[in-house]
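Peer 1: Please see the structure below; I have some questions.
The values are calculated or read from the model by the stated rules, or taken from the named source; none is laboratory data. All of these numbers come straight from a predicted model, not from anything done at the bench. So basically every Cβ, Gly included, is an ideal-geometry build from the backbone, and we count neighbours across all protein chains shown. Heavy atoms of the whole protein, side chains included, go into the accessibility calculation; ligands, DNA and RNA do not. Shrake-Rupley method; radii C 1.70, N 1.55, O 1.52, S 1.80 Å.
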Amino acid sequence: MSVAPPPNRLAPVDGLRAVAVLGVIWWHTWIHTGNPAVICFGLNFERLLVPLGTGFQLFFVLSGFCLYLSYQRLREFSAWQTYRRFVRRRWWRLSPAFYFVSLSTAAMLWIPQGHFSGLTLVGHITWLFYWIPGCEILSPVFWTLEVEWEFYLALPLLFSGPGRRTRFGWLVLLVAGCLAWRFWAVVDAADGIATFGTGHLLAHFLPFAWGILAAECWLNHPAWLARIPAVPAVLGGAGLVFFGRGMESTEIFYLAGPFGSLCKTFSEPILTLGYALVLLSALKASNPLLGWLSLPVMQLTGRLSYGLYLWHWLPSAKFGQMFRTLLGETVWAHYLALAATLAVSFPLAGLTYRFLEAPFISGKAKARPSRTTPATVVSLSSRLPR
């Protein structure tokens, strides 16, 4: 089984993908084992790792970065041709693995229950499972893929007019709509606490926006960015991630009193700004704090991250329940469930990558380079992780 990387991948981006997917799996096994605690000196050390559960938001930042550059590279065609090529390539990249995992999940759910909704299958085949009334989502983690697809459809708006000024105008408009949506959701929530655990692009556009701005910075190398030292940038970005995650918590919502709604509204924007800073720091030629992102195990995990994300939910739920029953809501139950989930998910993700992802990634790599895109954009975007 070969999981060799396609040519021209960005190692730091794959390393951050590994961080994202491992964080998501850690979070789900922690939840399924009852949120166990490790108390020492009055501190719950497991709670200090809770920001690991924001891996899906890191995925959104990386998608904004990579897909913005990918669309730039396709702009040799007319607007309609570019749009069709972009959407078709994204469909081929994501759909084969998604369909296979969806059908496998449907079969595992159907066998013990003896029935399954045909409407649910239609919703997943068409990628409209959040738009079709009565459609049940096959896996709770799939909601992020719906948000991704909405981003793919909205991205061409940023290129609908000439020049970067038009793109910036669309970006500001979408960001304003996102913040208004989030604030309304908090105010409209029955208990005043919106979780934003599911939803559509308008509730989660800020991570993509930070990724887009990171791509612009990486392409144009502004002088102010070059003056930021790598180590403080990483530490500052990590600090924003922790700070934003803290603002998201119910405890802070109540402690903030009348400002609780603002804390909830701006939690994800602050958190994902931190991730964007870490991404830009990781892309620097040398960063002493992030060299571990290029380790072989991180690169392998990054390449398999899509399959790991698709497959991990059912194993994490089953193993979490099993070890919780055997060992109670303990940290041992959590980490045994985590190890078992990874042991099952990695081989499945490897097979998925080999047979349902890599063939389509290779096909995309043969696309001819743009003749009209500036040389700098072509040379840099050609190194995109696919």
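Peer 1: Looking at the stretch 261-268, can you tell me whether even one residue there is small (Gly, Ala, Ser) and more than 20 Å from residue 238 (Cβ to Cβ)?
Peer 2: Looking through the stretch 261-268, at least one residue is small (Gly, Ala, Ser) and more than 20 Å from residue 238 (Cβ to Cβ).
Peer 1: Residue 272 is checked against (1) closer than 17 Å to residue 211 by Cα; (2) open to solvent by 20 Å² or more (accessible area, probe 1.4 Å) and fails just one. What number does that condition carry?
Peer 2: Unmet condition: (2).
Peer 1: Between residues in the stretch 175-190 that are under 17 Å from residue 150 (Cβ atoms) and residues that are basic (Lys, Arg) and part of a helix (DSSP H, G or I), which pairs lie under 8 Å by C-beta distance while being six or more apart or on different chains?
Peer 2: These pairs meet every condition: 182/264.
Peer 1: Kindly indicate whether residue 17 is surrounded by fewer than 19 Cβ atoms within 10 Å (Cβ to Cβ), under 21 Å from the mean Cα position of the chain (by Cα) and within 24 Å of residue 297 (Cα to Cα).
Peer 2: The answer is no for residue 17.
Peer 1: If you check 145, 138, 128, which single one turns out to be open to solvent by less than 20 Å² (accessible area, probe 1.4 Å), under 30 Å from residue 109 (Cβ atoms) and part of a loop (DSSP other than H, G, I, E, B)? Steps first, answer last, please.
Peer 2: Values: 145 fails: part of a loop (DSSP other than H, G, I, E, B); 128 fails: open to solvent by less than 20 Å² (accessible area, probe 1.4 Å).
Criteria check complete, one pass: 138.
Peer 1: crowded, with 24+ Cβ neighbours inside 10 Å and either aromatic (Phe, Trp, Tyr) or farther than 22 Å from residue 142 by Cβ (or both): which single residue out of 83, 68 fits that description?
Peer 2: 68
Peer 1: Let me ask something else about it. What's the number of the only condition in (1) open to solvent by less than 30 Å² (accessible area, probe 1.4 Å); (2) farther than 19 Å from residue 302 by Cα that residue 75 fails to meet?
Peer 2: Failing condition for residue 75: (1).
Peer 1: Could you tell me whether residue 245 is at pLDDT below 95 and within 29 Å of residue 29 (Cβ to Cβ)?
Peer 2: In short, yes.
Peer 1: Then there is this: In a helix (DSSP H, G or I) and exposed (fewer than 15 other Cβ atoms within 10 Å of the Cβ), is that true of residue 169?
Peer 2: On the way: in a helix (DSSP H, G or I): yes; exposed (fewer than 15 other Cβ atoms within 10 Å of the Cβ): yes.
Here the answer is yes, as residue 169 does meet what is asked.
Peer 1: Oh, and also: If we only count helices (runs of 4 or more DSSP H) wholly inside the stretch 192-294, which ones have 3 or more residues that are over 18 Å from residue 50 (Cβ atoms)?
Peer 2: Hits in the stretch 192-294: 205-220, 223-226, 230-247, 260-282.
Peer 1: Suppose we filter 141, 87, 38 for residues that are over 24 Å from the mean Cα position of the chain (by Cα) and either closer than 23 Å to residue 306 by Cα or of a type in the set (Val, Ile, Thr) (or both); which single one remains?
Peer 2: Within the list 141, 87, 38, the selection yields 38.
Peer 1: Name the pairs: first residue in the stretch 203-216 and in contact (Cβ under 8 Å) with a residue 24 or more places away in the chain, second residue charged (D, E, K, R) and open to solvent by less than 10 Å² (accessible area, probe 1.4 Å), Cβ to Cβ under 9 Å, at least 6 apart or on different chains?
Peer 2: Pairs found: 203/182; 203/268; 204/182; 204/268; 206/182; 206/268; 207/268.
Peer 1: Any residue in the stretch 328-343 that is in contact (Cβ under 8 Å) with a residue 12 or more places away in the chain sitting within a Cβ distance under 9 Å of a residue that is β-branched (Val, Ile, Thr) and surrounded by fewer than 17 Cβ atoms within 10 Å (Cβ to Cβ)? List the pairs, counting only those 6 or more apart or interchain.
Peer 2: 331/38; 333/325
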